[in-house]
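Asks: Attaching a single structure in structure tokens format; questions to follow.
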Amino acid sequence: MKKKNPAEFGGVFLHSVEIVGVEPTTSCMPCKRSSQLSYTPKWTAKVINACLRFEPTRRKSASDLGRMTEEHQYLLALRLIEAEHKQPLTWLRQLAPTLADFQQESQHIPGRWNKTVMHQLHEVRRMVQQHADHGIRCIPLEAPEYPQRLAHTNDPPPLLFVRGTLEESDRVLSVVGTRSPTPDGLLHTEFWVHALGAAQPTIVSGLALGIDAAAHGEALRSGLPTWAVLAHGLDAAQPRANARLAERILQSGGAWISEWPFGVPARAGHFPKRNRIIAGLCDAVLVVEASMQSGASITAKLANGYDRSVFALPGRVHDVHSQGCLSLIADHVAQMALHPEQVMAHLGWSARSPAKELKPLSGHLAAVLQALDGPRRVEELQHATGLSTEHVLSALAELVWTSRAYARGGSYHRR
């Protein structure tokens, strides 16, 4: 039996798997099937694939998922041909700007291009059904649900493809950076997303390795909605190393967003286009670490051109990962980000609700938290508290879950 992915097919599971201690079981006990687990509150986990008791919901038709007219299909076909051949079809767009014009002027169009367009139109129509099968919506630029910030830029995508939940948010922050960050860069990303989470913004990034993945991950831990903007079709999330993170984004009520239809692979030319969507969706961009010619720097410059606020974290002058940020600050593209309160004040954001009061700790939890006066490994905590390994791990699991501590590089840190 082919494995089914709930994010692709939609549906509900008829049971959950209890996690005992820190290490969860890796099989679905009611079905006796090997499974991947997604962490959820109260230390339970839902099986996200290979579960025979997964109950799919009714497949939605193309009309349920978006209004992709024949005119949209024709324009999308031209864009896909341009991307494949790496050349603009200016002459064809001028000769036949609409599908009706193409059909009327077909005798004046060279036979090769006529066949190419007709073949691509057939492929696009096949993609429309694939979108319906996988729960992917098509949102035209003129649709009311199209993100308004992006719609008001000077080059919005004529079509957006969305998988998941895309709802207009009054506070949106894009967080970008290098794919090969320093350990400090990862810590800074988690700190800033968590701290700015007091304003309850939607976090936007590109699901790339490094800073992007850290931003999405911390948004999920902080209970913030997060959108992943991709440079390929939404049949799967790339890179594969972030596939689990991408599924968690959908399960938490977030979204995958792309201007490319089902099955289109990532190409080098797609990433700068993807960056303009990241810049256009938000109120502000935060650059954590970036080199001089990085995609993060491109995103920041695009956002500045869209009249968005741009912030960059300063770093060491001789660190290649900081040179892009320092250059953005020196060129007055970005403001120097010194602390989260500064960014929130500039954007006019305030905390949405007072921070939840944490219950006072006692017993093993209090002892382990008190021992976290710096980076500590499990063995060090066991020695400092006199507790067994089982009790230390159990306490650490609850402290991490309640956002009192976090793990990094094999050590635990107090928030």
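Asks: Pick from Ser297, Ser322: which is in contact with a Ser or Thr (Cβ under 8 Å, 6 or more places away or on another chain) and hydroxyl-bearing (Ser, Thr, Tyr)? Reasoning before the result, please.
Replies: Working: Ser322 fails: in contact with a Ser or Thr (Cβ under 8 Å, 6 or more places away or on another chain).
When all the criteria are applied, what remains is Ser297.
Asks: Shifting gears a bit: Do you know which of the residues in the stretch 69-91 that are aliphatic (A, V, I, L, M), assigned to a helix (DSSP H, G or I) and touching a Leu at 6+ places or on another chain (Cβ under 7 Å) is farthest from Pro140 (Cα to Cα)?
Replies: Taking the stretch 69-91 as the starting set, the residues that turn out to be aliphatic (A, V, I, L, M) are 75-78, 80-81, 83, 89.
Checking the rest, the ones that are also assigned to a helix (DSSP H, G or I) come to 75-78, 80-81, 83.
If we keep only those that are touching a Leu at 6+ places or on another chain (Cβ under 7 Å) too, we end up with 76-78, 81.
Values: Leu76: 11, Ala77: 15, Leu78: 16, Ile81: 19 Å.
Once the filter is applied, the top-ranked residue is Ile81.
Asks: Can we say Leu187 is within 26 Å of Gly410 (Cα to Cα), assigned by TED's automatic domain parsing to the domain that holds Ala266, among the aliphatic types (A, V, I, L, M) and over 12 Å from the mean Cα position of the chain (by Cα)? Give the derivation first.
Replies: Working: within 26 Å of Gly410 (Cα to Cα): yes; assigned by TED's automatic domain parsing to the domain that holds Ala266: yes; among the aliphatic types (A, V, I, L, M): yes; over 12 Å from the mean Cα position of the chain (by Cα): yes.
Taking the combined requirement at face value, the residue satisfies it.
Asks: For Thr116, are the conditions met, namely being in the same structural domain as Asp235 (by TED's automatic domain parsing) and in a helix (DSSP H, G or I)? Spell out the reasoning first.
Replies: On the way: in the same structural domain as Asp235 (by TED's automatic domain parsing): no; in a helix (DSSP H, G or I): yes.
So Thr116 does not fit the description; no.
Asks: Something else about it: Does Ser291 satisfy being crowded, with 24+ Cβ neighbours inside 10 Å and in contact (Cβ under 8 Å) with a residue 40 or more places away in the chain? Outline the logic, then answer.
Replies: Values: crowded, with 24+ Cβ neighbours inside 10 Å: no; in contact (Cβ under 8 Å) with a residue 40 or more places away in the chain: yes.
So Ser291 does not fit the description; no.
Asks: Continuing with the same structure: Tell me the residue from Leu224, Leu187 that is over 30 Å from Leu80 (Cα atoms), touching a strand residue (DSSP E or B) at 6+ places or on another chain (Cβ under 7 Å) and surrounded by fewer than 20 Cβ atoms within 10 Å (Cβ to Cβ), please.
Replies: The match here is Leu187.
Asks: Inspect the stretch 198-210 for any residue being over 13 Å from Gly254 (Cβ atoms) and β-branched (Val, Ile, Thr) and give the result as yes or no.
Replies: Checking the stretch 198-210: not a single residue is over 13 Å from Gly254 (Cβ atoms) and β-branched (Val, Ile, Thr).
Asks: I need the helices (runs of 4 or more DSSP H) fully contained in the stretch 305-402, keeping only those with at least 2 residues that are under 22 Å from Ser222 (Cβ atoms). Give the steps one after another, and end with the answer.
Replies: Details: elements: 320-330, 340-347, 363-371, 378-385, 389-401.
Helices (runs of 4 or more DSSP H) meeting the threshold: 340-347, 363-371, 389-401.
Asks: Does Leu224 qualify as being closer than 18 Å to Val285 by Cα, over 11 Å from the mean Cα position of the chain (by Cα) and assigned to a loop (DSSP other than H, G, I, E, B)? Reasoning before the result, please.
Replies: Details: closer than 18 Å to Val285 by Cα: yes; over 11 Å from the mean Cα position of the chain (by Cα): yes; assigned to a loop (DSSP other than H, G, I, E, B): yes.
Here the answer is yes, as Leu224 does meet what is asked.
Asks: Same structure, new question: State whether one or more residues within the stretch 312-329 are of a type outside the set (A, V, I, L, M, F, W, C), touching a residue at least 12 places away in the same chain (Cβ under 8 Å), within 20 Å of Ile278 (Cα to Cα) and surrounded by fewer than 22 Cβ atoms within 10 Å (Cβ to Cβ). Steps first, please.
Replies: Residues of the stretch 312-329 of a type outside the set (A, V, I, L, M, F, W, C): 314-316, 318-319, 321-324, 327.
Now restrict to residues that are touching a residue at least 12 places away in the same chain (Cβ under 8 Å): 314-315, 319, 321-324, 327.
Narrowing the set further to residues that are within 20 Å of Ile278 (Cα to Cα) leaves 324.
Now drop any that are not surrounded by fewer than 22 Cβ atoms within 10 Å (Cβ to Cβ), which leaves none.
Looking for residues that are of a type outside the set (A, V, I, L, M, F, W, C), touching a residue at least 12 places away in the same chain (Cβ under 8 Å), within 20 Å of Ile278 (Cα to Cα) and surrounded by fewer than 22 Cβ atoms within 10 Å (Cβ to Cβ), one finds none in the stretch 312-329, hence no.
Asks: Does the stretch 175-184 contain at least one residue that is out of contact with any strand residue (DSSP E or B) (no Cβ under 6 Å at 6 or more places or on another chain) and over 19 Å from Gly295 (Cβ atoms)?
Replies: Taking every residue of the stretch 175-184 in turn, at least one turns out to be out of contact with any strand residue (DSSP E or B) (no Cβ under 6 Å at 6 or more places or on another chain) and over 19 Å from Gly295 (Cβ atoms).
Asks: Could you please let me know if Leu160 is in a strand (DSSP E or B), within 17 Å of Arg308 (Cβ to Cβ), in contact with an Asp or Glu (Cβ under 8 Å, 6 or more places away or on another chain) and not basic (Lys, Arg)?
Replies: On the way: in a strand (DSSP E or B): yes; within 17 Å of Arg308 (Cβ to Cβ): no; in contact with an Asp or Glu (Cβ under 8 Å, 6 or more places away or on another chain): yes; not basic (Lys, Arg): yes.
No.
The values are calculated or read from the model by the stated rules, or taken from the named source; none is laboratory data. Note that the structure is predicted; figures quoted are calculated from it, not measured. Please note: Cβ atoms are built from the backbone with ideal geometry, for glycine as well, and neighbour counts cover all protein chains shown.
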